[in-house]
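The values are calculated or read from the model by the stated rules, or taken from the named source; none is laboratory data. Note that the structure is predicted; figures quoted are calculated from it, not measured. Neighbour counts run over all protein chains shown; Cβ positions are idealised from the backbone, glycine included. All accessible areas refer to the heavy atoms of the entire protein, side chains included, with ligands and DNA or RNA removed. Shrake-Rupley method; radii C 1.70, N 1.55, O 1.52, S 1.80 Å.
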Amino acid sequence: MTFQQRALQELRSLSGKIQGKHCVAGFDGFVDTIVTPVATRHGVGEQFKAIDNITEFSQRIQGAAGKSTNIEYFPRMDKLGGNGPIMCNALLAAGTSLTYIGALGSDHVHPVFGEMVAKSKAVYTVAAPGHTTAVEFLDGKIMFGMIRSLDDVTFPSIEAKMGRRCLDQEFGSADLVALVNWTMIPYMTSIFNELRTNVFPSLPRKHRRFFFDLADPEKRLVEDLRIALKEISGFQAHGDVTLGLNLKEAQQVHSALGLGEFVGEDEGLLKAVAARLRESLAIACVVVHPRKSAACATVAGTAWVPGPYCENPLITTGAGDHFNAGFSVGQLLGASPEACLTLGVCTSGHYVRTAKSPTLHDLEAFLSQWS
């Protein structure tokens, strides 16, 4: 039996358990404009040759040094953005209940989040959203962000918006707490500390899961990253903690923890890296997901699966957040680590091909075709 068939078997037997699972997530929010950079234009509208790769794009920019240049972005779509909202859209599609806390609008929720709000149990907005221009290439993407509004995302602003009783009730009822985009929220480490030391210790004990996503900490100081990782480790006292990392983030965290540098993404290396990180952080699970595969380490051991790689994706912005959602859904269902990884890569794989978050039925169909 292939790993796809094993995951499909688990999904079919466990999918009913998603009913009643409640997720609380935060704290970012973005309006994303997805664009294609134009190399040469030979007519109106889509009559142009795109800049297909980041190397070509960088050469265009480098050629402007000491001079100037104009690069056209052809808009593809405006959509809800931010690690939290994108992940939560996928969690909602899978059938979970959701409370979202984040930067969705200053006075009122921005219309781009309307569908997510309509499907959620509750939404609390504490700041205006940031804005991202996502420049997509065949070999990756570059995200140009304006994030000043995220300075307003603080624990006092969250507590003032929700009230302490409501805040305790929401987090106390959560089966999954997803705290994402540490990099872009300046006060996120402080929020971690408040939740870890003043909120969760007073809540009734239950089996809950935490999911953390750093969101490319390259621009943050290494010492700040180490402090944040220590805070994340501390949540293990209040539930099972999973840290999700793409390849670049895994390299950064591996180095920050004093474990050295690594290069490559073969199965053995990814499993070893995930295991070292999990042991160093003393948490339940670490996931490492490059574009073409994914590995994880738990107390029980390590697992790895290849992904259904797509050469010509319809969209790539949000692929990692969909992986995170699929993996978390697997955990909520009680699936094996291998099946959780498979649901993660399939959720991402479905999304990049369709630009839509899959239902569990969609994932069954995707797995059936892939296997």
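Some observations on this one:
- Within the chain, longest stretch free of exposed trypsin sites (Lys or Arg not before Pro) [DSSP loop, at most 13 other beta carbons within 10 Å]: 68-204
- Computed FRET value (nearest 0.05) for residue 2 with residue 165, which takes r as the C-beta separation and R₀ as 45 Å: 0.35
- Rounded accessible area per residue of the chain, 1.4 Å, Å²: 42 Å²
- Expressed to the nearest 5 percent, the antiparallel share of DSSP beta bridges inside the range 105-249 is 40 percent.
- Inter-centroid distance (Cα atoms) of the range 103-163 relative to the range 292-356, Å: 24 Å
- Residues in the range 168-177 carry Karplus couplings, in order, of 5, 5, 5, 5, x, 8, 6, 7, 9, 10 Hz; the curve used is 6.51 cos²θ - 1.76 cosθ + 1.60 with θ = phi - 60°, and Gly or Pro positions show x.
- Debye-sum result for the chain in log10 I(q)/I(0), which assumes one identical scatterer on each alpha carbon, at q = 0.07 Å⁻¹: -0.29
- Extent along principal axes [Cα atoms of the range 115-177; Å; largest to smallest]: 46, 25, 20
- For residue 62 and residue 310, the FRET efficiency from 1/(1 + (r/R0)^6), where r spans their Cβ atoms and R0 equals 41 Å, is about 0.90.
- Phi to ³J(HN,Hα) by Karplus 6.51 cos²θ - 1.76 cosθ + 1.60 over the range 288-294, Hz, x for Gly, Pro: 10, 10, x, 5, 10, 6, 7
- Proximal lysines to residue 141, defined as alpha-carbon separation beneath 28 angstrom and excluding residues fewer than eight positions away on the same chain: 49, 67, 79, 219, 248, 271, 292, 356
- Among 43, 307, 318: highest mean-square fluctuation, GNM of the chain, C-alpha pairs under 10 Å: 43
- Rounded percent of accessible protein surface that carbon and sulfur make up, the chain, 1.4 Å probe: 52 percent
- Amide H contacts of residue 211 (H built 1.01 Å from N, in plane; Pro and chain starts excluded): 177, 178, 179, 242 sit under 5 Å, all sequence-distant by 5 or more or on other chains.
- With loop membership from DSSP and a limit of 11 other Cβ atoms within 10 Å, the longest segment of the chain without GluC sites (Glu not before Pro) is 47-260.
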